[in-house]
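> Have a look at the structure that comes next, please.
The values are calculated or read from the model by the stated rules, or taken from the named source; none is laboratory data. Everything numeric in this text was worked out from a predicted model, so none of it was measured. Positions of Cβ are generated from backbone atoms using ideal geometry, with glycine treated the same way; all protein chains shown enter the neighbour counts.
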Amino acid sequence: MSQPTKFQLVVEEDARCAPVRLVVVQGEQRPAVDVVDEPEVMAMPHLLVREALCLIALSLTLVLLAIFIDAPLEEIANPQKTPNPAKAPWYFLGLQELLHYYPPLVSGVLLPGLVIVALVVIPYFNINLERQAFWQGNRSNRTRKLINLWAAVSVLSIIFLFTGAYPVWPIIIPLWVVALTMSLPAVMPTKNGAIGWLGNRSLAFWIFLWFLLAGVVLTVIGVAFRGPGWEYTLPWRDGIY
């Protein structure tokens with residue numbers, strides 16, 4: 001093999017006399033690629049396949065229920081006989097239960113409208129990618145939040161106790177259950193276990209949980225625990241089921 005040619009670096013102001021030629025020779029090397037397992041996947045086919053499986057499972061469940069369990073249908077409708085009580089479909093019985101406590105304008109328009117507006121507006125109080133925990137902060141900050149929380153609970157309890165024809169216990173009791181559960185991380189601050197999980201929940205989570213529990217309780221009472229004259233009853237006593 002011939003000896004490699006030696007090059008000498010010459011500094012010259014005139015580029016025509018000492019032209020610069022730079023050659024970089026690099027072996028065949030590939031850049032390092034870091035493999036990162038990202039939590040995101042493509043909607044097609046990953047999400048679509050999962051949704052299709054859920055749809056099939058739900059359809060099979062409904063078919064089996066329809067085959068083995070008869071629907072609780074009543075007799076043929078008689079325009080000369082009004083059933084007692086006359087109940088709406090189950091998904092409206094929460095609103096019908098509210099009619100027992102407030103006038104139709106309040107229970108059928110104002111309260112549901114305020115709930116919908118609140119559910120729309122609440123997430124925009126703190127716009128960020130990661131929702132901040134409600135109890136985040138030092139001890140004095142947690143104490144101030146705890147005082148404000150129970151002040152709001154007291155005001156809401158007074159409103160639902162005395163503004164309706166009857167105390168609205170289906171709304172008051174879920175309110176106090178959520179408030180007591182919400183207060184546990186402030187009384188027993190820890191980052192582990194169930195208390196730690198509760199402490200990482202945001203204010204929007206607790207408000208939505210109260211709305212959800214109140215809606216479920218109102219619907220269950222209207223479906224199963226209202227008998228003739230819209231009085232409280234037991235489902236198995238008056239043949240509701």
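> Six or more apart or on different chains, Cβ atoms under 8 Å: show the pairs whose first residue is in segment 205-218 and in contact (Cβ under 8 Å) with a residue 60 or more places away in the chain and closer than 11 Å to Met182 by Cα and whose second is of a type outside the set (Phe, Trp, Tyr) and surrounded by 17 or more Cβ atoms within 10 Å (Cβ to Cβ).
Trp206/Val178; Trp206/Met182
Here is a yes/no grid of residues against (1) exposed (fewer than 10 other Cβ atoms within 10 Å of the Cβ); (2) at pLDDT below 80; (3) touching a strand residue (DSSP E or B) at 6+ places or on another chain (Cβ under 6 Å); (4) more than 30 Å from Trp90 (Cβ to Cβ):
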position	(1), (2), (3), (4)
Glu13	yes, yes, no, yes
Arg16	yes, yes, no, yes
Glu28	yes, yes, no, yes
Ser59	no, no, no, no
Asp70	yes, no, no, no
Ile76	yes, no, no, no
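> Scan segment 91-150 residue by residue and report those that are among the acidic types (Asp, Glu), at pLDDT below 85 and surrounded by 14 or more Cβ atoms within 10 Å (Cβ to Cβ). Spell out the reasoning first.
Start the filter on segment 91-150 by keeping residues that are among the acidic types (Asp, Glu), which leaves 97, 130.
Subset that is at pLDDT below 85: 130.
The answer is none; no residue qualifies.
> Does Leu156 meet the test of being farther than 18 Å from Pro189 by Cα, among the aliphatic types (A, V, I, L, M) and crowded, with 16+ Cβ neighbours inside 10 Å?
Values: farther than 18 Å from Pro189 by Cα: yes; among the aliphatic types (A, V, I, L, M): yes; crowded, with 16+ Cβ neighbours inside 10 Å: yes.
It is true that Leu156 is farther than 18 Å from Pro189 by Cα, among the aliphatic types (A, V, I, L, M) and crowded, with 16+ Cβ neighbours inside 10 Å.
> How many residues does segment 226-241 hold that are free of Cβ contacts under 8 Å to residues at least 60 places away in the same chain and surrounded by fewer than 16 Cβ atoms within 10 Å (Cβ to Cβ)? Steps first, please.
Of the residues in segment 226-241, the ones free of Cβ contacts under 8 Å to residues at least 60 places away in the same chain are 231-240.
Filter once more, keeping what is surrounded by fewer than 16 Cβ atoms within 10 Å (Cβ to Cβ): 231-232, 234-239.
Result for segment 226-241: 8.
> Also: So, in segment 48-86, how many residues would count as being part of a helix (DSSP H, G or I) and of a type in the set (D, E, K, R)?
Summing the residues that are part of a helix (DSSP H, G or I) and of a type in the set (D, E, K, R) in segment 48-86 gives 2.
> Still on this structure, please answer the following. Does Asn200 qualify as being of a type in the set (S, T, N, Q), under 23 Å from Tyr124 (Cα atoms) and at pLDDT 90 or above?
Working: of a type in the set (S, T, N, Q): yes; under 23 Å from Tyr124 (Cα atoms): yes; at pLDDT 90 or above: no.
In short, no.
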